[in-house]
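The values are calculated or read from the model by the stated rules, or taken from the named source; none is laboratory data. Note that the structure is predicted; figures quoted are calculated from it, not measured. Ideal geometry is used to build each Cβ from the backbone, glycine not excepted, and the neighbour counts take in all protein chains shown.
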Amino acid sequence: MTVLGGCGAWPGAGQACSGYLVEDEGFRVLIDPGYATLPRLLALMGAADVDAVLVTHGHPDHCSDLNPLLRARALADDPAPPLPVHAPPGALDAVMALDKPRMLAAALTIHDLRPGRPCELGPSTELVSLAKDADLLLAEATYPERVPEEDAPYLSSARDAGRTAASAGAARLLLTHLWPDTPAEPALAAAAASYPGALSVATAGLTVDLA
């Protein structure tokens, strides 16, 4: 897995928002092509080399660069085949509205993801079972200790991520989606309070070998 960016909300100077490239036996999946991730992706491979895209939700810091990725594929001299894009229903409506529908219609095939039961506050208890014995848990950690009440249904903290990783027995925890231009130390300390394993923050260009 290669981190293309890890900023939450907007990209800091010289950085990018959420974006992760997962490669396995030659198959390349782009997860959450947020703001400023495409130039970093193109430094590694061509736009046509992406095999599939997974978008977790429709916030622009997680999906905005899907538009230029599709443009790069559709407007090439030799257009790439339709790109499978997996996303929750409606999550791509805004980013797909950036161009005329016919312009990018042949560039992708959208597959709706059907999320499970919603959770009102904090991380879902299902995260522990999903992450059980994972080699790597990549976890959103916008705030170090406490998520403000108005953001609690949507965001989590580094402390939450540490607890989840510890309960799941994850071998390594990678914190991402920190506020731009904020130091990593408070998030690392908050996660380490409950998680004793290998711990780091997602920074652009970081590559993690999961073999």
Residue pairs within 7 Å by beta carbon, gap of at least six or interchain, first lying in the stretch 172-193 and in a loop (DSSP other than H, G, I, E, B), second of a type in the set (D, E, K, R) and surrounded by 17 or more Cβ atoms within 10 Å (Cβ to Cβ), listed first then second, are H177/E140; A193/R159
Filter the stretch 84-105 for residues that are free of Cβ contacts under 8 Å to residues at least 12 places away in the same chain and not in a helix (DSSP H, G or I); the one that is surrounded by the most Cβ atoms within 10 Å (Cβ to Cβ) is A97
When every residue in the stretch 194-211 that is outside any loop (DSSP other than H, G, I, E, B) and among the aliphatic types (A, V, I, L, M) is compared, the one nearest to G5 (Cα to Cα) is V201
Across (1) more than 17 Å from I31 (Cβ to Cβ); (2) at pLDDT below 95, L113 clears everything bar (1)
Going through the stretch 127-150 in order, the residues found to be among the acidic types (D, E) and surrounded by fewer than 13 Cβ atoms within 10 Å (Cβ to Cβ) are D133, D135, E149, E150
Per the list (1) of a type in the set (D, E, K, R); (2) in contact with a Phe, Trp or Tyr (Cβ under 8 Å, 6 or more places away or on another chain); (3) within 24 Å of Y35 (Cβ to Cβ), residue check on D181 breaks on (2)
